[in-house]
Amino acid sequence: MKKDKKKNKLRAEYKELILARLKRAGKKPLTFKELHKSMRNARGFDFEQFVLAIEKLKQKGTVIEDRRGLRLADKSDLTRCTVTRINKTYGFVKDDVTGEEYFVAGKLLMGAMPGDVVLVRTFEGTGEKTEAEVVEIAQENFSRFTGEIILEFGHFRLVPDTLAKCTMAFDNPLGLELHEHDKVMAVVTERGRRHSEHRCEITAAFGSSLRAAVCALSVLELNGITPVFPHEVIAEARRVSDYRRIYDEIPHRLDLRDKPIFTIDGADTKDIDDAVSFSKTKDSYELGVHIADVSHYVTPKSALDNEAFERGTSVYYANRVIPMLPPELSNGICSLNPGEDRLAFSCLIKLDKNAEIKDFKFAKSVIRSRVKGVYSEINRLLAGEEDAQLNEKYSDVISELPVMKELAEKLYKKRVARGAPELETQEGVLIINEEDICVGAMPYQRGASQEMIEDFMLTANECAARFGLEKGIPFVYRVHEPPSEEKTETLKQVLARLNIPFDFSGSPKPAQLSKILDSVKDTELAPIINNLVLRSMSKAKYSTDPIGHYGLVLQDYAHFTSPIRRYPDLTIHRIMSELLSGASAEECNRKYQKFAYASADQSTQTELKAMQAERSCEDCYKAEYLKSHIGEEREGVINSVMEFGFFVTMPDTCEGMVSVHSLPEGAYVCEDMLSLRNLTTGDIWKVGEKIKVKIESAEVNSGNVDLVPV
């Protein structure tokens, strides 16, 4: 013990001497030999502690070493960033001020973990992105990660999913029963200078990493997403789910139970939060959008509210949902089930014969849905199919369908006339069997009724945003900014290279993007340009500043229609309810201004986290499905190219990578994100081209699928 204290003291003294010597040297770097020479005459010099002192200073970021030598770090030249994601050989950090993302090679990450706040030095890299080197870890995040247990030379080792290429030793303090190929959660207990040098311990085991359902659980757990609600939240949900309270509320609400109101959702939907109604006069329409009044049950700062705020959104993956609210609310008293009285927040909209909004009214209401409409069934009725059973089921509302169709067609034409780009995204549907194994995938087919409901909800959302602006109350808007200057320039370069005419110099207007998409519709270039335009877009987010929605070409837009599964919707319901109950705009501002800011920020972050988790889960399920089809040949389309290969999308929406290692030998270059060229052979692979591939391998644990050309 005394020996260790003596070494620590000696190392601390060397640190001070090293810093003093480098300070005297100023900006001139000193080689290790020069620094060693200036100190080795000290009494009792300990070379080992001297080297350790330098390493600790380098690890902390106080001292920097490059090919010229050692020098003090100049923090004025460094950029403060947050680590956003880590892969086995590289990572990305995001500038805390500008939001710009930088690529960091694995050896330059200094062992940083996702969520860490780091100081980086940026430099021009070989690729398109500015690259960076982590100089100092300013603030450590909770260092959890997932991995797979493997057997290596007779001992269990941990293979991290993303952090490092090599295996890691681990401790098992909980005494968990572990098996080869188990998916586990681990936490870093001691950090090294590289990810492979971190020490860790296992905190949870999920089961076999060969099962997508198990891997999905680990993805959710890593992102802090859990299907389990705290006891106090469940208790409160049961307490407020008193159906007798609905009847106590009826005298204080607009009673719409005599209206032919109905819902339209997927056949398996249990959290039904929106319903519609229609009427028509000679020269106008009235659209009713009736939303579950979740804010009546989830009150400010309650256990339910605090939990919903933390979750921010429901998460949907495979055949499962992790709800924002407990089932007692989401599938129970807040779900607009047919034939049952429900409290609602109604948006009653008057539109002229061209579907332009003329007036709207928001009111707390009580409704009774006539029928639980199903998209596929409504589509058949709209198509004029004769079916006695369906006619009987929808008898209370079937007379509303022609008006619904007529209004929806006018709303769609209005959206097209605004110039809103119609981007085609290929969503997939997973087929899960009774053993919870993915046995197939197929493209999601959107029918007429799905698009109609989207336009009705969009109209109500537009009215909600106008309400917030007109009343001058704190609000959470759904905003979408125009493409950045950098992305616009990339888009222009690629369009020019493909000889596709465009008529914008600065940031394009939405109508100009629509024109480009229309010009390539039904051609081989369509998927390329669609993907290109999509990637040029900014990400939509939530904000208290009503800057408008670029993609929808709407100046006023908010999310009002899904308070069961989105916290921003619940937020504006609460603020609007306060105003409708008699509070002044000034009172609303005092009470809710800070809350609106916090909700917008939290909702944006949780939405991004949920989207990334959903995507990762889906990749695992698709890999599980393809694992039983190894060796099969399929035709696909190249959707993107990189220096290391290209990605291919198959007709069932599954995706895999063709590595350059499976292509003819030679030097490869990626040209404008459009093609991968072999400079040696002249072979070229272009985005949008059809290609026949064989499924080489599929790893459920990572969701990675490898393909080879046939």
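For the reader, a short list of remarks on this structure follows.
- Subset tally (residues that are in contact with a Phe, Trp or Tyr (Cβ under 9 Å, 6 or more places away or on another chain) and hydrophobic (A, V, I, L, M, F, W, C)) for the stretch 373-393: 2
- Selected residue (criterion: surrounded by the fewest Cβ atoms within 10 Å (Cβ to Cβ)) from residues of the stretch 106-121 that are in contact (Cβ under 8 Å) with a residue 40 or more places away in the chain and within 24 Å of the chain's Cα centre (by Cα): 106
- Pairs are defined by a Cβ separation below 7 Å, a sequence spacing of at least 6 or placement on different chains, a first member in the stretch 293-313 that is within 14 Å of residue 566 (Cα to Cα), and a second member that is among the polar types (S, T, N, Q); the pairs so defined are 295/577; 305/299; 309/602; 311/606; 312/602; 312/603; 312/606; 313/606.
- Meets criteria (aliphatic (A, V, I, L, M), buried (at least 18 other Cβ atoms within 10 Å of the Cβ), outside any loop (DSSP other than H, G, I, E, B) and in contact (Cβ under 8 Å) with a residue 24 or more places away in the chain) for residue 513: yes
- Matching residues, the stretch 159-217, being aliphatic (A, V, I, L, M), surrounded by 20 or more Cβ atoms within 10 Å (Cβ to Cβ) and in contact (Cβ under 8 Å) with a residue 40 or more places away in the chain: 163, 164, 186, 188, 202, 212, 213, 216
- Selection from the stretch 565-616 of residues that are closer than 26 Å to residue 330 by Cβ, of a type outside the set (D, E, K, R) and not in a helix (DSSP H, G or I): 581
- The single residue among 249, 197 that is more than 30 Å from residue 328 (Cα to Cα) and over 27 Å from the mean Cα position of the chain (by Cα) turns out to be 197.
- Filter result for residue 130 (more than 27 Å from residue 203 (Cβ to Cβ) and under 26 Å from the mean Cα position of the chain (by Cα)): yes
- Take the conditions (1) in contact with an Asp or Glu (Cβ under 6 Å, 6 or more places away or on another chain); (2) under 15 Å from residue 635 (Cα atoms); residue 700 misses just one of them, which is (2).
- Filtering the stretch 312-334 to residues that are in a loop (DSSP other than H, G, I, E, B) and at pLDDT below 95 leaves 318, 319.
- Criterion violated by residue 609 - all others in (1) surrounded by 14 or more Cβ atoms within 10 Å (Cβ to Cβ); (2) closer than 14 Å to residue 300 by Cβ satisfied: (2)
- Candidate set from the stretch 516-560 (those that are of a type in the set (Ser, Thr, Tyr) and at pLDDT 95 or above); member that is surrounded by the fewest Cβ atoms within 10 Å (Cβ to Cβ): 544
- The single condition from (1) assigned by TED's automatic domain parsing to the domain that holds residue 609; (2) in contact with a Pro (Cβ under 7 Å, 6 or more places away or on another chain); (3) not hydroxyl-bearing (Ser, Thr, Tyr) that residue 510 fails is (1).
- Selected residue (only one of 411, 407, 430 is over 24 Å from residue 514 (Cβ atoms), crowded, with 17+ Cβ neighbours inside 10 Å and touching a residue at least 40 places away in the same chain (Cβ under 8 Å)): 430
- The sole residue among 32, 47 that is over 27 Å from residue 613 (Cβ atoms), among the aromatic types (Phe, Trp, Tyr) and out of contact with any strand residue (DSSP E or B) (no Cβ under 7 Å at 6 or more places or on another chain) is 47.
- Test: residue in the stretch 253-276 that is over 28 Å from residue 349 (Cα atoms) and among the hydrophobic types (A, V, I, L, M, F, W, C): no
Condition check ((1) surrounded by 11 or more Cβ atoms within 10 Å (Cβ to Cβ); (2) touching a Ser or Thr at 6+ places or on another chain (Cβ under 9 Å); (3) modelled with pLDDT of 85 or more) across all residues:
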position: 1; (1), (2), (3): no, no, no
position: 21; (1), (2), (3): yes, yes, yes
position: 24; (1), (2), (3): no, no, yes
position: 42; (1), (2), (3): yes, no, no
position: 51; (1), (2), (3): yes, no, yes
position: 75; (1), (2), (3): yes, no, no
position: 82; (1), (2), (3): yes, no, yes
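- Complete set of residues in the stretch 331-364 that are within 15 Å of residue 298 (Cα to Cα) and out of contact with any helix residue (DSSP H, G or I) (no Cβ under 9 Å at 6 or more places or on another chain): 331, 344
- Here residue 76 meets each of (1) in contact with an Asp or Glu (Cβ under 9 Å, 6 or more places away or on another chain); (2) without any contact (Cβ under 8 Å) to a residue 24 or more places away in the chain with one exception, condition (1).
- Filter result for residue 88 (over 18 Å from residue 130 (Cβ atoms) and part of a helix (DSSP H, G or I)): no
- Taking the listed residues 500, 473, the one that is surrounded by fewer than 17 Cβ atoms within 10 Å (Cβ to Cβ), among the aliphatic types (A, V, I, L, M) and not in a helix (DSSP H, G or I) is 500, with no other qualifying.
- The test for being over 19 Å from the mean Cα position of the chain (by Cα) and in a loop (DSSP other than H, G, I, E, B) holds for residue 97.
- Of the strands (runs of 3 or more DSSP E) contained entirely in the stretch 244-311, those carrying at least 2 residues that are of a type in the set (Gly, Ala, Ser) and modelled with pLDDT of 95 or more fall at 274-280, 284-292.
- Filter pass, residue 103 being part of a helix (DSSP H, G or I), touching a residue at least 24 places away in the same chain (Cβ under 8 Å) and of a type in the set (Phe, Trp, Tyr): no
- Residue 474 vs. criteria in contact with a helix residue (DSSP H, G or I) (Cβ under 8 Å, 6 or more places away or on another chain) and not assigned by TED's automatic domain parsing to the domain that holds residue 577: no
- Residue within the stretch 486-500 that is among the basic types (Lys, Arg) and touching a strand residue (DSSP E or B) at 6+ places or on another chain (Cβ under 6 Å) present: no
- The number of residues in the stretch 660-675 being in a helix (DSSP H, G or I) and small (Gly, Ala, Ser) comes to 1.
- Test: residue in the stretch 621-641 that is within 24 Å of the chain's Cα centre (by Cα), aliphatic (A, V, I, L, M) and surrounded by fewer than 16 Cβ atoms within 10 Å (Cβ to Cβ): no
- Residue within the stretch 382-400 that is touching a residue at least 60 places away in the same chain (Cβ under 8 Å), β-branched (Val, Ile, Thr) and assigned to a helix (DSSP H, G or I) present: no
The values are calculated or read from the model by the stated rules, or taken from the named source; none is laboratory data. Remember, predicted model here, so these are calculated numbers, not experimental data. Positions of Cβ are backbone-derived with ideal geometry, glycine not excepted, and every protein chain shown enters the neighbour counts.
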